[in-house]
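See structure below.
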Amino acid sequence: MNQDILILGIESSCDETAAAVVKNGREVLSNIISSQIPLHTLYGGVVPEIASRKHVEKVIPVISEALSAAGVTLQDIDAVAVTYGPGLVGALLVGVSAAKGLAYAAHKPLVGVHHIEGHVAANYLEHPDLEPPFGCLVVSGGHTHLVEVLDYGKFSIIGRTRDDAAGEAFDKVARAIGLGYPGGPKIDRKAKEGNPDAIPFPRASVEGAFYDFSFSGLKSAVLNYLNHEKMQGNEVNEADIAASFQKAVVDVLSGKALALIREKKYTKFALAGGVASNSALREAMKEVCSREDVGFYCPSPVFCTDNAAMIACAGYYEYMNGVRSGLDLNAVPNLKLGER
């Protein structure tokens, strides 16, 4: 009988301090997340220096809680997996330093994990039947990617954002219409009260690169609309703006995903990243895959946002592929998917 493999995952790329223990890459034994949202809400967005200091304060208690909740000790762990990029450099350094210290002290292998690889791997946690190859749309605060998952830990990027990521656009538009931070969930809720066809915001495309994304023009269109209405002395309908903006984003994301599904003839397609918890996007992608007779996979919202279970899951497959990181592992804030 094969021995179970336990991976301790650590995630600190932005404003969540998280640790988790995952067995055999699929079974979550614990998943502890310490969120900083109330703290950063005061400033209307993530303040990197504050985030780093809070990670320093929380990382060891969160790791201890994850081990305790899983009913294991550090000696029971087979490897320590940690996000080392991309993300905020100071925040990443806290997680990487903690992971290196634990791995060294406990004589355990260290595995550096790409944050986006973690988001893709989140799908494995709740879908035992999902195995590569498949297509995946990764949509988060810092990234918007169309990815072909060739194998565990092996990816081909088909399309990516040229400017603002979708999640970044959500945050900026939410701030502009007075909803505050975090923008994604607030726009999602507000949009349910509005008419998605009220305002014809643009759907941008990138000339010569059909599968790439651009959301800066859409963001500017919303700001221009708000300024125009203010200059005219008109009262704006926040719900209609939120719904129309959200529909513009979802139309672009789901439209490009549909085109890729048809071109590549995928039988399986997954959604991942923080914006994957958006109800309109989930529903649109579910409809696209159903219409094309393609299996659709998406994590629960708790595994869409930054968490350490997804890092432990990705770390398991890297570990099984023989990947080991040295104690010289460093934070790489602009790490590209597929690099190591």
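Bear in mind that the values in this text are calculations on the coordinates, not laboratory data. Remember, predicted model here, so these are calculated numbers, not experimental data. All Cβ positions, even for glycine, are placed from backbone atoms using ideal geometry, and neighbour counts span all protein chains on display.
Here is how the numbers come out for the structure above:
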quantity: Taking all pairs of distinct alpha-carbon atoms in region 133-299, Kirkwood radius in angstrom; calculated: 16.2
quantity: Distance (nanometres) between label positions extended 7 Å along Cα→Cβ at LYS286 and ARG53; calculated: 4.3
quantity: Ascending count of other beta-carbon atoms within 10 Å, so fewest first, for VAL47, VAL149, VAL252; calculated: VAL47, VAL252, VAL149
quantity: Length-normalised contact order of region 133-299 in % [C-alpha pairs under 8 Å, at least 6 apart]; calculated: 26
quantity: Bridge type composition, region 133-299 - antiparallel percent by DSSP, nearest 5; calculated: 60
quantity: Modelled FRET efficiency - R0 56 Å, ASN227 with ASP129, Cβ distances, 0.05 increments; calculated: 0.65
quantity: At least 27 Å along the helix axis (C-alpha) and Kyte average at least 0.0, DSSP helices within the chain; calculated: 48-70, 238-264
quantity: Dipole magnitude of the chain, debye to nearest 20 (Cβ charges: Lys/Arg +1, Asp/Glu -1, about Cα centre); calculated: 260
quantity: Relative contact order %, the chain, counting alpha carbon pairs below 8 Å whose residues are six or more apart; calculated: 25
quantity: Calculated FRET efficiency for the pair ASN24/ASN330, C-beta based, R₀ 30 Å, to 0.05; calculated: 0.55
quantity: P(r) weight above 29 Å for the chain, C-alpha pairs, percent; calculated: 38
quantity: Per-residue Cβ neighbour rank within 10 angstrom, fewest leading, CYS289, CYS136; calculated: CYS289, CYS136
quantity: Options SER64, ASN224, GLY255, ranked by Cα towards positive dipole end of the chain, top entry (Cβ charges); calculated: ASN224
quantity: Net charge over other residues, Cβ less than 15 angstrom from the Cβ of VAL94 (K, R count +1; D, E count -1); calculated: -2
quantity: Per-residue Cβ neighbour rank within 10 angstrom, fewest leading, MET285, MET320, MET310; calculated: MET320, MET285, MET310
quantity: Candidates GLY322, GLY112, GLY45, ranked by Gaussian network fluctuation over the chain, Cα under 10 Å, top entry; calculated: GLY322
quantity: Fraction of beta bridges assigned by DSSP in the chain that are antiparallel (%, nearest 5); calculated: 60
quantity: Qualifying lysines (Cα of each under 22 Å from Cα of LYS172; at least 8 residues distant if same chain); calculated: LYS186, LYS190, LYS192, LYS219, LYS230, LYS247
quantity: Length gained when the stretch SER68-ARG175 is fully extended (0.36 nm per residue, less Cα-Cα span); calculated: 34.6 nm
quantity: Region 1-98: relative contact order in percent, alpha carbon pairs under 8 Å with at least 6 residues between; calculated: 38
